[in-house]
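Report on one structure; see the data block that follows.
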Amino acid sequence: MVNVTLLQRYQQALERVQTQIKAAAFQAQRDPKEITLIAVSKQQPIAAIEACYALGIRDFGENRSDELAQKAQQLAHLTDLKWHFIGHLQSRQSEAVARYAHYFHALDRLKIAQRLSQQLQVFNRHLPVFLQVNISGELSKSGWPCALWPEHEQERTALLNDLLTIQQLPYLQVQGLMTLLPYEAANESLLLWFKRLAQLAETLPLHSQPAARSYLSMGMSHDFQWAIAAGATHIRVGTALFGEI
Ligand SMILES: *Cc1c(COP(=O)(O)O)cnc(C)c1O
């Protein structure tokens with residue numbers, strides 16, 4: 001049974017977010033259908049996910065592997081629900097991601113890619129991944145450091161070398177790049193950094209098939225409009241849908 005109060009609350013929030021997505025896409029002359037809204041359900045109860053599912057959302061984001069495992073087991077009957085793991089992943093927690101995640105957005109080092117690929121083999125699963133890039137240089141953010149690119153080409157070269165190694169791993173499928181920006185950054189900086197990530201993606205062989213496009217996972221509740229302006233294909237929205245945790 002879906003909770004009716006939650007349903008009404010999330011319906012309004014969802015309509016608001018979808019209107020903002022459409023407006024941002026329209027301004028950027030983009031098709032809003034190219035943009036996947038991931039409802040970041042971390043720390044939200046199962047009832048919240050069920051309500052959003054009833055409203056048509058199929059993509060959910062989690063950032064803790066134990067929480068992902070628990071929710072994926074409880075909602076296993078919703079077979080078209082997709083779990084996006086968006087958090088920093090420790091090696092010892094990678095099994096749950098290999099087992100339950102449909103996408104992994106925060107691949108931030110070679111070692112975790114190798115470990116995931118081994119575990120995916122055990123479960124005979126393939127996992128589409130986004131390489132996380134630290135495009136702003138903020139110290140607390142993980143990912144390949146690319147804040148000095150394009151001036152410092154060696155940052156791109158280091159990322160490219162790891163990308164080529166990851167593409168050899170049989171159970172991972174590189175989809176594109178992901179980034180997180182400083183929370184308090186000014187709007188102009190947000191747009192600049194998002195655009196820089198999009199430019200960086202264009203210089204990388206992110207797909208084995210030349211015609212396939214690469215994806216950009218960027219933008220959260222407070223900055224997704226700028227991310228869409230810069231070409232985001234996946235936005236990860238929590239607070240704007242579910243309220244403050
Ligand atoms: C929590 C989280 C989000 C969603 O943030 P909101 O500001 O609540 O929209 C997006 N991406 C990552 C990696 C997160 O951890």
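Read-outs: derived from the displayed coordinates by stated rules, not from any lab. Quick caveat: nothing in here was measured; it's all calculated off a predicted structure.
From Cα pairs below 8 angstrom and at least 6 apart in sequence, can you work out the relative contact order of the chain, rounded to a whole percent? Kindly include the intermediate steps, with their values, before the conclusion.
Working: 426 pairs, mean separation 49.0, N = 245.
Once divided by the residue count of the chain, the mean separation gives 20 percent.
I need the shape label for the range 4-242. Rule: rounded when a/c is under 1.5, else prolate if a/b > b/c, else oblate, with a, b, c from the alpha carbon gyration tensor. Oblate. For the chain, set up a GNM with springs between Cα atoms under 10 Å and report which of LEU68, LEU180, LEU204 has the largest fluctuation. Result: LEU204 has the largest fluctuation of those listed. Of all the options LEU216, LEU197, LEU75, the one that moves most in a Gaussian network model of the chain with Cα springs shorter than 10 angstrom is LEU75. Working note: 222 nm ellipticity from helices only, DSSP H runs with n ≥ 4, each -39,500 (n - 2.57), summed and divided by the residues of the chain, gives -13500 deg cm²/dmol to the nearest 500. Counting only residues at least eight positions apart within a chain, or on another chain, the aspartates and glutamates with an alpha carbon under 14 Å from that of LYS42 are GLU50, ASP59, GLU62, ASP66, GLU67, GLU244.
What full-extension length gain, to one decimal in nm, is calculated for ILE245 and GLN199 as 0.36 nm per residue of separation minus the Cα-Cα distance?
On the way: separation 46, 0.36 × 46 = 16.56 nm, distance 3.37 nm.
Between ILE245 and GLN199, full extension yields 13.2 nm more.
State the Cα centre-to-centre distance between the range 136-163 and the range 195-245 in whole Å. Their Cα centres are 17 Å away from one another.
Measure up LYS141/LYS195; LYS71/LYS195; LYS33/LYS195; LYS33/LYS82; LYS82/LYS195 against 23 Å on the Cα-Cα distance and list the ones that go over. Correct reply: LYS71/LYS195; LYS82/LYS195.
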